[in-house]
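**Q** Starting off with a structure, shown below.
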Amino acid sequence: MIEEYEDITLKEGSEQTDELTRLSDSQQAYLKEVNVPSEDWTKMTDEQKSDHLDIVQARIEELKVDNLEKVSSTNLLSPEMIEDLKIRLEAPNDMVQIEQVSDVLANCEEIRFENWQHLERSEKVDVLNQLETKIASIEHRPPCPIKDVKLKPGLWGGYNPVTKTIDINRDYIDKSGKDYYFYSEIVDTLVHEGRHAYQDYNVNERIVHPRHSEVESWSDTMAGGKWGYWGDCSNELGQRLYEQQSVEIDARNFAADVISRMEDKIEDGSSHSMAKSISFEGVNDSRDIAKSELLSELSSNHIYPGTVYTDNLWGGLDSFSGNRVRDAINRARDNGSISDSTYKHLIDKLKQACHHQA
């Protein structure tokens, strides 16, 4: 009876601690009953694999084994089954995900702007796919193929819940090698749309997110959900409603936090303050302040974009003026009248002064 074991305690540092994460002979035998060799596993249909993994996971949960790596080291399960099981386990909380995803980005040499500039489009897409695979592993979801596609101007990209792919604007990928503004948005789009893939996986496939209440909130504003509103962004009201959906707020904040931590971890002093310049987070007053600071700095650097206008709804520069200022900054960089560091700083300040859809 359980009562007989109430007085049993385990001393800290005891060798018994490690024993608790090991499988006994009887536990191993219990798992071996459902083991499938790799050659047989590859012949099974996806439905058969899914059903069988449910059985395996149920037995692991019965055994209350907390460390899957210890289980896999016993070679009881095929490598393919171990990878699928890892995906099905609960994902880390958001703070851990942010740290791990920012590590992946900070440790990728190719994604740094000074190296990114020299890559062909196909090479850029390859790098994005490699990063997405690593990010998906952290988020305990299947990776989404990254595709460069032709999209309308103003659209950076999107997650396709039908094809399970992430589409990124081909024209903007091309521009990202020359224009820091486009480069920073491409990185943000990768993380932002990957978060949408994570939301979709939790709502429609399997809940791996630690906070189930958040998954319910995502479900409400996801296509086919309680509200089912994706927004008509052709007008300002529709744009604002679109941005205030729970799935968009979550993806926006997650991407901003990841990029901010990525910058903190870059050790070569080339921090670009990407996350700080995400215009979604600024309120009207902050955009107006950034606009004033930007115009002052442009003047001090002898950059004169001409007449610019304020966005009466969002604050800061309107989209027409933002494009005009960006072109003026790019001309100054191309003419050699400003340094690379000044160029990056002005582009960052421009993003703070403009409202845009990412």
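**Q** Using per-residue counts of other Cβ atoms within 10 Å, averaged over each peptide, order 188-201, 294-307 from highest down.
**A** Answer by packing, highest mean first, reads 188-201, 294-307.
**Q** Extension gain I55-D220, at 0.36 nm per residue separation less the Cα-Cα distance, in nm?
**A** Full extension from I55 to D220 adds 56.3 nm.
**Q** Carbon-plus-sulfur fraction of the accessible area of segment 83-154, 1.4 Å probe, in percent?
**A** Answer for segment 83-154 is 51 percent, counting heavy atoms of protein chains only.
**Q** Next question. Find out how many positive minus negative residues lie around Y159, taking Lys and Arg as positive, Asp and Glu as negative, among other residues whose Cβ is under 9 Å from that of Y159.
**A** -1
**Q** Let me ask another. Using a Förster radius of 41 Å, what is the FRET efficiency between D264 and S319 based on their Cβ-Cβ separation? Nearest 0.05, please.
**A** FRET efficiency, D264 to S319: 0.85.
**Q** With r as the distance between the Cβ atoms of E114 and S38 and R0 = 41 Å, compute the FRET efficiency 1/(1 + (r/R0)^6) and round to 0.05.
**A** That pair, S38 with E114, gives E of 0.45.
**Q** Given a Förster radius of 45 Å and the C-beta distance between S299 and R170 as r, what FRET efficiency does 1/(1 + (r/R0)^6) yield to the nearest 0.05?
**A** Calculated transfer efficiency: 0.80.
**Q** Oh, and also: How would you rank 207-217, 132-142, highest first, on the average number of other Cβ atoms within 10 Å across their residues?
**A** 132-142, 207-217
**Q** From the square roots a ≥ b ≥ c of the eigenvalues of the alpha-carbon gyration tensor of segment 96-154, which class results: rounded (a/c under 1.5), prolate (a/b over b/c), or oblate?
**A** oblate
**Q** Oh, and also: Go through K147/K265; K147/K291; K175/K349; K147/K178 and tell me which ones have a Cα-Cα distance over 23 Å in this structure.
**A** The pairs that break the limit, which is 23 Å between Cα atoms, are K147/K265; K147/K291.
**Q** Can you give the extra length, in nm with one decimal, that the chain gains between A29 and S137 once fully stretched, where that is 0.36 nm per residue apart less the Cα-Cα distance?
**A** In short, 35.9 nm is gained.
The values are calculated or read from the model by the stated rules, or taken from the named source; none is laboratory data. Only a predicted model underlies this, so the values are computations on that prediction, with no experimental measurement involved. No Cβ is skipped: glycine too gets one built from the backbone with ideal geometry, and neighbour counts run over all protein chains shown. Side chains are part of the model used for accessible areas, which takes the heavy atoms of the whole protein and leaves out ligands, DNA and RNA. Shrake-Rupley method; radii C 1.70, N 1.55, O 1.52, S 1.80 Å.
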